[in-house]
């Protein structure tokens, strides 16, 4: 397999989605008849990012059994099995660090449980980020009712900010560079559980994170009620 330029986070337990996730991993829950994760896999393939890393933990074997190593749309999947290797998910940064040996220097990231069917993972955005020298580029969205205070600010110059009068919600879509994880042993062989937000916030304070606002449809499918609304 070629070095991947995209990663889908699919290792979470989905506690808030229980009982639906007691027997089905959240990324395989269907919206309009299609598994959540498949929207991202198809979008990557359409944009030419065919090689994708998918990390798994809770019921992760179901994801591999469902897709194997290539989807109908042409996405080629390699798996990072945190559950099998470490007994559970490694948090976001820990999971990314575990998969880094399979990822290019710059890569797309998206959570497998967000619904944003019109988002385009464009080569132009990827190339622009790669040339920027930044460690991360975040896609922010207007704050939903369940996150009214938002996560990060956005400067007029397009930098992501820790502190700002107005903050937006992190969509879970980002472009990241391997150097963001430089403090973690290569491949995270010890299976350390590490959160992504502190790494991003430290990089923001150094002016190394850019961002932009995305206004297309976006739903964090975090509860059975939100899933039901999408399928109504």
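What follows is calculated from the coordinates using simple rules that are stated; it is not laboratory data. It should be emphasised that the depicted structure is a prediction, and the values quoted were computed from it without experimental measurement. All Cβ positions, glycine included, derive from the backbone under ideal geometry; neighbour counts span all protein chains shown.
Points to keep in mind about this one:
- Among 148-155, 132-139, 182-189, the peptide with the highest mean count of other Cβ atoms within 10 Å heads the list, and the full ranking is 132-139, 148-155, 182-189.
- Considering only 13, 98, 84, the Gaussian network model of the chain with Cα springs below 10 Å gives its largest mean-square fluctuation to 84.
- Likely footprinting exposure, 66, 146, fewest C-beta neighbours within 10 Å first: 146, 66
- Cα centroid of the stretch 162-200 to Cα centroid of the stretch 94-115, whole Å: 10
- GNM flexibility winner over the chain from 42, 220, 85 (Cα, springs under 10 Å): 85
- When you restrict to C-alpha pairs under 8 Å that are six or more residues apart and normalise by the size of the stretch 1-140, the relative contact order lands at 32 percent.
- By the count of other C-beta atoms within 10 Å, a proxy for reagent exposure, 230, 175, 109 are ordered fewest to most as 230, 109, 175.
- Neighbour-count order for 47, 145, 210, 73, fewest beta carbons within 10 angstrom listed first: 145, 73, 47, 210
- Considering only alpha-carbon pairs that sit under 8 angstrom and 6 or more positions apart, the relative contact order computed for the stretch 50-201 is 28 percent.
- Build a GNM of the chain with springs between Cα atoms under 10 Å apart, and of 124, 75, 43 the one that fluctuates most is 124.
- Calculated over the stretch 8-147: convex hull of Cα atoms, volume per residue (Å³): 128
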